[in-house]
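A.B. asks: Have a look at the structure that comes next, please.
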């Protein structure tokens, strides 16, 4: 496996020299590798390296970078450098870059492009950031439906196409999708025939207003390398490829992992106060939830004073509920992300998870009860702890399903907020049931 830390360390040393000379091997670096290197450098180092990179790769490199690192680099590049990067990128890459820039600068950069590129970019920017139409690849070779097979073959031979293995999109005069033809279809057809006569219209296509994840799941299940993106009226917008889908999946799951740590897509070297401000919100939310749990404990301060063993056993109730809920929460978030979980199968998943939680709750409650009797020689205390464990684990499992679904429906990332809310629920319910039961039994 390639050591990904080595290139960054090498470049730190190279950029520290009085005369900067890049090794010959950089000629073979892909945009993804350049992106990885830049993400491991400070902004000052990135500015030293950027002019030395092949200009034709700049758009692709910026697109390959993680969102926050790209934002940090774009914030220090000059207008001329941004213009070169935009002109070097494909339609999708340009959209990614422009999305991260101020609107006034976006308008200036678009005016620097060719009329056709301007039209494509403006069409892409008319979609929301999560709609697949925004990222449609419009740099696609298309064939007019009224073209003869002979003329179509001549046009293909004279074009700069290097790959003839795919299908060609057939459009009518209004750019509506007619169908697709392969090179074999054209070679085997009568030269005088019109392309529309041999074009095959597939049901496998993507509506332009679908979300990126929905589009990615469609192409993943289609066994196709690319699929056309169409408007509701059938107008061709562009293509969406399996490579695009893989990038979406990778970005999504990286975001899920990052959100679990509450640091999102944060650049390694983003400004100190920027990072502090971003993290402060979730630290504040965690603090409020901790106070809520403490308030519940405070209600039962008298029983805690009388029965000290309760304070010793309290963490067990919260911890077992937290783990149970986290397991279900992770499963639910994954189901939502992949499109496997929907309203049709929600009840089945809920029943299954509650059953799993019930089995585990009974088993572990029995084990904990036995240990409590051995430790404190108190049968009532072991009974209270067992009941609290069962109740809290069942509530935690149900919450692990409901919380991400409710958050998702309200446009909130479940991976970002789900664990905070779940921890609050399991702590409050666990402490309330455990200490409340103890108060009823020991204080009366």
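Coordinate-derived values only; no laboratory data. No experiment lies behind these values; they were computed from the predicted model shown. A quick note on method: Cβ atoms are made from the backbone with ideal geometry, for glycine too, and the neighbour counts reach across all protein chains shown.
A.B. asks: By average Cβ neighbour count within 10 Å, what is the ranking of 239-248, 349-358 from highest down?
C.D. replies: Working: 239-248: 18.8, 349-358: 16.2.
Going from most to least packed, we get 239-248, 349-358.
A.B. asks: Further question on the same structure: Just order 126-135, 89-98 by mean Cβ neighbour count inside 10 Å, highest at the front, would you? Mind showing how you got there, number by number?
C.D. replies: On the way: 126-135: 17.2, 89-98: 21.4.
The densest-packed peptide leads the list: 89-98, 126-135.
A.B. asks: For the chain, take the longest principal axis of its alpha carbons; what is the angle in degrees between that and the long axis of helix 379-409, to the nearest 10 within 0 to 90?
C.D. replies: In the chain, helix 379-409 runs at an angle near 20 degrees to the longest axis.
A.B. asks: Moving to a separate point now. Which FRET efficiency value, to the nearest 0.05, do you get for residue 56 and residue 129 by plugging their Cβ-Cβ distance into 1/(1 + (r/R0)^6) with R0 = 25 Å? Walk me through the numbers on the way to the answer.
C.D. replies: Working: r = 27 Å, r/R0 = 1.07.
For R0 = 25 Å, the calculated efficiency reads 0.40.
A.B. asks: What is the distance, in nm, between label points placed 7 Å from the Cα along the Cα-to-Cβ direction at residue 443 and at residue 13?
C.D. replies: Result for the modelled spin labels: 6.8 nm.
A.B. asks: Can you compute the modelled spin-label distance between residue 375 and residue 347, with each label point 7 Å from Cα toward Cβ, in nm?
C.D. replies: Inter-label distance under the simple model: 4.1 nm.
A.B. asks: To the nearest 10 degrees, how steep is helix 242-260 against the longest Cα principal axis of the chain, on a 0 to 90 scale?
C.D. replies: Result, in degrees: 30.
A.B. asks: Could you tell me the extents of segment 58-99's C-alpha atoms along the three principal axes, largest first, rounded to whole Å?
C.D. replies: 21, 20, 15
A.B. asks: Once you sort the root eigenvalues of the Cα gyration tensor of segment 280-442 as a ≥ b ≥ c, which label holds: rounded (a/c under 1.5), prolate (a/b larger than b/c) or oblate (the other case)?
C.D. replies: It comes out oblate by the Cα gyration axes.
A.B. asks: Between residue 420 and residue 119, what length in nm is gained on full extension when 0.36 nm per residue of separation is reduced by their alpha carbon distance? Mind dumping the intermediate values first?
C.D. replies: On the way: separation 301, 0.36 × 301 = 108.36 nm, distance 4.42 nm.
Gain on stretching residue 420 to residue 119: 103.9 nm.
A.B. asks: Okay, moving on. Could you work out the relative contact order of segment 280-442? I mean the mean sequence separation of Cα pairs under 8 Å and 6+ apart, divided by the number of residues, in percent.
C.D. replies: Numbers: 174 pairs, mean separation 63.7, N = 163.
This gives 39 percent for segment 280-442.
A.B. asks: If r is the Cβ-Cβ distance from residue 154 to residue 100 and R0 is 30 Å, what FRET efficiency results, to the nearest 0.05?
C.D. replies: Values: r = 42 Å, r/R0 = 1.41.
Plugging the Cβ-Cβ distance into 1/(1 + (r/R0)^6) gives 0.10.
A.B. asks: Determine, for each peptide in 224-237, 16-29, 395-408, the mean count of other beta carbons within 10 angstrom over its residues, then list the peptides with the highest first.
C.D. replies: Numbers: 224-237: 17.9, 16-29: 9.8, 395-408: 21.7.
Ranked by mean Cβ neighbours within 10 Å, highest first: 395-408, 224-237, 16-29.
A.B. asks: Any chance you could give the angle, 0 to 90 degrees and rounded to 10, that helix 115-125 forms with the longest Cα principal axis of the chain?
C.D. replies: 20 degrees
A.B. asks: Before rounding to the nearest 500, sum -39500 (n - 2.57) across all DSSP H runs of length at least 4 in the chain and divide by the residue total; then give [θ] at 222 nm in deg cm²/dmol. Present the calculation step by step, with values, prior to reporting the outcome.
C.D. replies: Working: 20 runs with 285 residues, N = 444.
When only DSSP H runs of four or more count, the value is -21000 deg cm²/dmol.
A.B. asks: For segment 5-126, what is the relative contact order in percent, using Cα pairs closer than 8 Å and at least 6 residues apart in sequence?
C.D. replies: Working: 96 pairs, mean separation 26.2, N = 122.
Normalised by residue count, the contact order of segment 5-126 is 21 percent.
A.B. asks: Would you mind telling me the antiparallel percentage of the DSSP bridges in the chain, rounded to 5?
C.D. replies: On the way: 15 of 20 bridges.
For the chain, the DSSP antiparallel bridge percentage is about 75.
A.B. asks: Can I ask one more? Answer with a single label: of [x] 15; [y] 36; [z] 9, which was calculated as percent of Cα pairs over 43 Å apart from the structure in view?
C.D. replies: Label of the calculated value: [y].
A.B. asks: Note down the nm distance, to one decimal, between modelled labels 7 Å out along Cα→Cβ at residue 76 and at residue 207.
C.D. replies: Inter-label distance under the simple model: 4.5 nm.
A.B. asks: So how much slack lies between residue 200 and residue 323, counting 0.36 nm per residue of separation and subtracting their Cα-Cα distance, in nm?
C.D. replies: On the way: separation 123, 0.36 × 123 = 44.28 nm, distance 5.28 nm.
Taking 0.36 nm per residue and subtracting the Cα distance, the gain is 39.0 nm.
A.B. asks: Relative contact order of the chain: what whole-number percent is it, with Cα pairs under 8 angstrom and at least 6 residues apart? Numbers along the way, then the final one.
C.D. replies: Values: 553 pairs, mean separation 51.6, N = 444.
With pairs under 8 Å counted, the relative contact order is 12 percent.
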